[in-house]
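The values are calculated or read from the model by the stated rules, or taken from the named source; none is laboratory data. Since we're looking at a predicted model, the values are computed, not measured. Glycine also receives a Cβ, built like all others from the backbone with ideal geometry; neighbour counts cover every protein chain displayed.
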Amino acid sequence: MEIIHVAAECYPVAKAGGLGDVVGALPKYQNQLGEVAKVVMPMYRTKFLYDNEWELVHEGGQYLGPQFFHYSVIREKTNKLGFDLFLVDVNGLLDREKIYGYSDDTERFIAFQVAVCDWINQWTSLPDVIHCHDHHTGLIPFMARYCYAFRDRLGGIPSVLTVHNAQYQGDMDWGKSYLIPAYDEWKSGMLEWNNRINPLASAVKCVSKVTTVSNSYLEEMRHAANGLENLFEYEKGKCSGILNGIDNQLWDPATDPMLAKNFDAETFEKGKRKNKKQLCEQFGLDPEKPLITFIGRLVGEKAADLLPEAISQSIYQHHGHVSFLVLGSGDPEVEGRLDQLKYQFGGYFNVYIGYSEALSHMLYAGADFLLMPSRVEPCGLNQLYALRYGTVPMVRSTGGLKDTVTDFGDWQGIGIRFNEASVWDITYSVGRALDLYNNKKDLFNWMRGFMMKIDHSWENAAERYIQLYRTA
Ligand code: ADP
Ligand code: GLC
């Protein structure tokens, strides 16, 4: 079966969060299962582009509203990532360093989707499935079925949408409808939600199958999906939950080149201590104290706004017998408050504002606990990396966190769970973490060895997607 994944991110080409990790791994595992999975994404100007060899596979032209644009498609020559990787360039729109955050993101991603449809439309043999990820690629199923330029050849190809996060929908007002290539006006309802063009909603309506990245989030979307609840309720027959995996080859503490010391489920005590020591030296923290980390986008969904208060309260309440290290970027106000906190609590708290893949690996390896108080977490990969690196996850019971982390108070529990995204629940959980670290050493060690052996690899999930394509 030939599958083409269309997405805005793919690690290591361009990654802003978990979407990049998934698109960088799932196709590789699908190929290992004997299918032919490919990825097409925009050609941002990232390091990966300049460090690798490419060949031109297609050049074409299309319209964005009245504006003609020229596009090209290049392919990475060596199959470096374990799948065919194609990048689409549209001069003036996609040739930027960052993935998102521009005022013309709507135009950028529509042009990308038009180019992808136009390119696939010219393949001699069409793919068996088009797999779209999130709203940036959500107009493709509509274009394939209802735009005059594409529908004859693409209209019959089964399509799948994976919702990585329903909070983001890419909606725009009807004034932008001229950007979409001419379509059958009778079908304009298939673009619409709440009197706006909504790419995520449109994809849910137009695709053959919808998946999301955990079973709990599948349930939650019917009650909390940023306005799309009724749509998910109505379309529940074609929706299913497939929990993300992790790329065990890339995320392996025994071989990870980004660590100061490699370790496995037998040698983790010594190995983790060494990584922790290096982190503590670098960030001016005491390696004897339990180290709690937070890694991620500093946004409301992740409850990052609670961190400054929760961290200072925890340090006060526990008389400084704990250290915190935060890695992230996002909301400038949260960034500013965390930055200030490091002067107030020097020696107990530090923060790296920015994005660092290498530091994230060191943190998964060197921290004792990973805090995720997320308000919304469709799957969450951080806790899966933490488990693999023997770091006890402290999570709010929601979405994928609920499906992957059990509480140490329960049988064979591997983490700490709490119910509310609140300062009180976080500080209380910090107390439980300290108790585990200081007074229940044997249990703490057993948990770490046990969690490292849990299999969260992609093999199972990759197979489930293939089964799903067969039914699409
Ligand atoms: P989301 O996609 O919602 O941000 P996930 O838990 O699915 O959350 O995935 C987040 C991914 O991004 C993980 O691989 C995590 O390590 C990484 N990440 C997030 N913020 C940073 C950062 N500032 N530096 C390095 N890696 C980060
Ligand atoms: C989204 C979600 C996150 C999930 C990731 C990969 O960014 O916020 O929970 O793990 O996508 O599916």
| request: Specify which of the listed residues (G156, G175, G138) is of a type outside the set (S, T, N, Q), in contact (Cβ under 8 Å) with a residue 24 or more places away in the chain and assigned by TED's automatic domain parsing to the domain that holds H223. | output: G138
| query | Does the stretch 216-226 hold any residues that are buried (at least 17 other Cβ atoms within 10 Å of the Cβ) and free of Cβ contacts under 8 Å to residues at least 60 places away in the same chain, and which are they? | reply | L218, M221, R222, A225
| Subset of the stretch 44-93 (residues that are touching a helix residue (DSSP H, G or I) at 6+ places or on another chain (Cβ under 6 Å) and under 16 Å from G20 (Cβ atoms)) | G82, F83
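The rows are residues; the columns are (1) more than 16 Å from ligand 1 (Cβ to nearest atom); (2) over 26 Å from A203 (Cβ atoms).
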site: E9; (1), (2): no, no
site: G17; (1), (2): no, no
site: V40; (1), (2): yes, no
site: E53; (1), (2): yes, yes
site: E76; (1), (2): yes, yes
site: N79; (1), (2): yes, yes
site: D89; (1), (2): yes, no
site: E97; (1), (2): yes, yes
| Matching option when the condition is surrounded by fewer than 18 Cβ atoms within 10 Å (Cβ to Cβ), within 14 Å of ligand 1 (Cβ to nearest atom) and more than 25 Å from Y437 (Cα to Cα), among R297, R375 | R297
| said: I'd like the full set of residues that are of a type outside the set (S, T, N, Q), part of a strand (DSSP E or B) and touching a Phe, Trp or Tyr at 6+ places or on another chain (Cβ under 8 Å), limited to the stretch 273-309. | reply: L291, I292, F294, I295
| request: Identify, from the list V163, V204, V213, the residue that is of a type outside the set (D, E) and either modelled with pLDDT under 95 or more than 16 Å from ligand 1 (Cβ to nearest atom) (or both). | output: V204
| remark: When every residue in the stretch 392-405 that is within 12 Å of ligand 1 (Cβ to nearest atom) and closer than 22 Å to L325 by Cα is compared, the one surrounded by the fewest Cβ atoms within 10 Å (Cβ to Cβ) is P393
